[in-house]
Structures are given as structure tokens and as C-alpha cells.
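Here's the structure we're looking at; comments come further down.
Nothing in this text is a laboratory measurement; each read-out follows from the coordinates by a stated rule. What you see is a predicted model, and the numbers here were worked out from it, not measured in a lab. In this analysis, Cβ positions are derived from the backbone assuming ideal geometry, glycine residues included, and neighbour counts consider all displayed protein chains.
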Amino acid sequence: MKLMAAVLLVTTAALPALAQEPTAADLYRVKCQACHMADGNAPIATMNFADGKWIHGSKPAEIEKVITDGAPGTAMLSFKAQFTPEQIAALATFVRSFDKSLKPVKKK
């Protein structure tokens, strides 16, 4: 009985450590999908990631800047208070993947 209680205690204590950070896909689904659609193919051209027309640039750093600072004069707001720099970089890579004409970003 004591062994079972000890195993239960250790297992329960480890649960918070098992919680994972949300993936870029998770973040996109919660924060971006409403405007940009699940597949990035938004009906409004300026919000579309799949059509190959990148108004603010298609390089990861350019996309990160838009996610971080927003795009003045558009509906795109800044997300720097909501995401870490690592999450923003992951999101930039994720949204680029909707445009099949772009080469994938090489991992560092």
C-alpha cells in the first residue's frame, strides 16, 4: 500500500513537468485561424498566406516582424505581448508553409 501511494505521489508530482508548450499549429489555431483560415487561404487577399502574394515579405524575419509589430493600417495587430520570440519564429515558419511556392526554411 505504501509503495502504491509513493508511486501515485511521484506520478502526480511529475504531471506539471509533462505539460508541453503549445505548438505553432496550436497557436495558429487559437490566435490566427479566425482571420487567415485553417489552411491560410483567406478570402481577403491581404490576409491570404497560400496565394504567393506576400505584401510585407515572405522571409521568416519579415513575417516575424509583422507578427511582432502588427501591420499599421490593417487589421493585423501586434502579438509581441502574447507570444515569446520563439513562438513568433515558429509561427512565421508555420504560416510560410501554407505557400507551396516557397522553399522550406532550413533549420539552424
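Observations
- Shown here for the range 36-98: trypsin sites (Lys or Arg not before Pro) in loop regions (DSSP other than H, G, I, E, B) with at most 15 other Cβ atoms within 10 Å, namely Lys53, Lys80.
- The alpha-carbon of Lys100 sits under 12 angstrom from the alpha-carbons of these aspartates and glutamates, leaving out residues fewer than 8 places away in its chain: Asp39, Asp51.
- Rounded if a/c under 1.5, otherwise prolate or oblate - the range 21-96, Cα gyration tensor axes: rounded
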